[in-house]
Amino acid sequence: MSQSLDQYLTLSKEEQSPPLTAFQKLSILTKALIHGPLPLSELEEKLIKDESFINPIVQSSQFIKIDQFDINYLYIPAKDQKETILFIHGLGGSFKQFDEVISQLIPLGYGILAFDQPGSGDSLVNNDVKLTLKFFTDYTYKLIEGLKLTESPLIILSHSYGTQITINLLINYDLAKITKIWLLTPPLTPKPSNLKENLLIGGLYYNPWIFEAFRKFDRLNNIKSPSLNRLTESKDDYLRFKQLRLNLKTHSKNFLNQLYNWQTLTFEDLDKFKRVIESKGIQLVIVDGEFDKLTKQSGEVLHKYLKVGQYKLFEKGGHNFLLDLSTEFIQLFQSH
């Protein structure tokens, strides 16, 4: 790290703030409206610049041009006839959140294909691009096709909203040699319509400065922030700084774009997915985190509907247990 962990902790404590008064919140909102995105704190700037939080293997990623988009991806060919594992991240995420899992799978001979979806991580898009489930699904397939892996043995490992992309990919594209699918901490599917939530998302989508201000409110306690607590159960300071760094690199406008254009899968889609799984003999494993505060145990609901594959409750895991408990997940992966 460019700073020692003790230095980061000292800076973290210096910047942590007591609860804001209504006046202080109004002041931050006003500054966001007048001046645009609020400046990063010293801690935040140092974290964003500190590439040592990412495993060196993942830092060897590169870009591929697909249509007008530059997609940041990591491809490592498989050895000894092993499968290639396709990683699909969730809403506003990045494949860098899988770095510790990836680094432990490579020595086992598995191939790796991991990438930032357009509009996430380092795969940048213009603000006028509509980020829909179909859009992400199509570009996932285009990447597989572009790397000539459509006929290669694949394992798909998807997380959170990435599980929706996986299901949509399976029912719309023919990938002949998928052997196994992992759906990790999937959201409730179909996602119930909520008028209040839809109005809130619509308001934020058209006024992203409000969302930026609320993100700033949330980060005033940096590694103790509410959003961090929703994502991770880890008490390890290094991992919490790492998660905070991932959060900081989320693009607010693109995140809102994805939320606003969320198109929930239907029961009909799930029925089609089940038929594909059964007809191709694909192994399915659905995993929830025991202490997941975001999607909770939605995977169990999905498993009960599909009535196919295996369901696992990952002990002590939060929403992002691939980061918190990477070694424990590798043990689960190898046992299935």
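Please list, or write none, the lysines whose alpha carbon is within less than 23 Å of the alpha carbon of K65, excluding same-chain residues fewer than 8 places away.
K96, K130, K134, K142, K148, K249, K253
Just to check I understand the Karplus step: with θ = phi - 60° and J = 6.51 cos²θ - 1.76 cosθ + 1.60, what whole-Hz values come out for the stretch 275-281, glycine and proline as x?
Going residue by residue, I get 5, 5, 4, 6, 5, 9, x Hz, with x marking Gly and Pro.
Under the rule a/c < 1.5 gives rounded, and otherwise a/b versus b/c splits prolate from oblate, where does the stretch 155-244 land using the Cα gyration tensor?
oblate
Specify whether the C-alpha gyration tensor of the stretch 233-336 places it in the rounded, prolate or oblate class, a ≥ b ≥ c being the square roots of the eigenvalues: rounded for a/c under 1.5, otherwise prolate if a/b is larger than b/c and oblate if not. List each step's numbers first, then the result.
Details: a/c = 2.36, a/b = 1.29, b/c = 1.82.
Because a/c hits 1.5 or more and a/b fails to exceed b/c, the stretch 233-336 counts as oblate.
Below 17 Å, Cα to Cα, which lysines can K280 reach? Residues fewer than 8 away in the same chain don't count.
K177, K180, K272, K307
With a ≥ b ≥ c the root eigenvalues of the C-alpha gyration tensor of the stretch 1-154, is it rounded (a/c under 1.5), prolate (a/b larger than b/c) or oblate?
Details: a/c = 3.10, a/b = 1.61, b/c = 1.93.
Since a/c reaches 1.5 but b/c is at least a/b, the shape of the stretch 1-154 is classed as oblate.
Give the residue list of trypsin sites (Lys or Arg not before Pro) in the stretch 178-247 that are DSSP loop and have at most 14 other beta-carbon atoms within 10 angstrom. Before the final figure, lay out the partial values.
Working: sites: K180, K196, R215, K216, R219, K224, R230, K235, R240, K242, R245; in loops: K235.
Of the trypsin sites (Lys or Arg not before Pro), the ones in loops of the stretch 178-247 whose Cβ has at most 14 other Cβ atoms within 10 Å are K235.
What are the ³J(HN,Hα) values, in whole Hz, obtained from phi via the Karplus relation 6.51 cos²θ - 1.76 cosθ + 1.60 with θ = phi - 60°, for each residue of the stretch 235-252 in sequence order, with x given for Gly and Pro?
9, 6, 4, 4, 5, 6, 5, 5, 5, 4, 4, 4, 4, 4, 8, 6, 7, 4
Applying the Karplus parametrisation 6.51 cos²θ - 1.76 cosθ + 1.60 with θ = phi - 60° to the phi angles of the stretch 193-210, what ³J(HN,Hα) value in whole Hz is obtained for each residue in order, glycine and proline being reported as x?
6, 9, 4, 4, 5, 5, 5, 5, 5, x, x, 5, 4, 8, 9, x, 4, 5
From the convex hull of the Cα coordinates of the chain, what is the mean projected area in square nanometres? Before the final figure, lay out each step's value.
On the way: hull surface 67.8 nm².
Taking the Cα atoms of the chain, their convex hull projects to 16.9 nm² on average.
Go through the stretch 88-163 and name the trypsin sites (Lys or Arg not before Pro) that are in a DSSP coil and have 16 or fewer other Cβ atoms within 10 Å of their Cβ. Each step should come with its number before you reach the end.
On the way: sites: K96, K130, K134, K142, K148; in loops: K130, K148.
For trypsin sites (Lys or Arg not before Pro) across the stretch 88-163 that sit outside H, G, I, E and B with at most 16 neighbouring Cβ atoms in 10 Å, the list reads K130, K148.
What is the order of T10, T295, fewest Cβ neighbours within 10 Å to most?
Details: T10 13, T295 22.
Going from sparsest to densest Cβ surroundings: T10, T295.
Each reported figure results from applying straightforward, stated rules to the coordinates on display, with no laboratory input. None of these values were measured; they are calculated from a predicted model. Because the Cβ atoms are built from the backbone with ideal geometry, glycine has one as well, and the counts that use them run over all protein chains shown.
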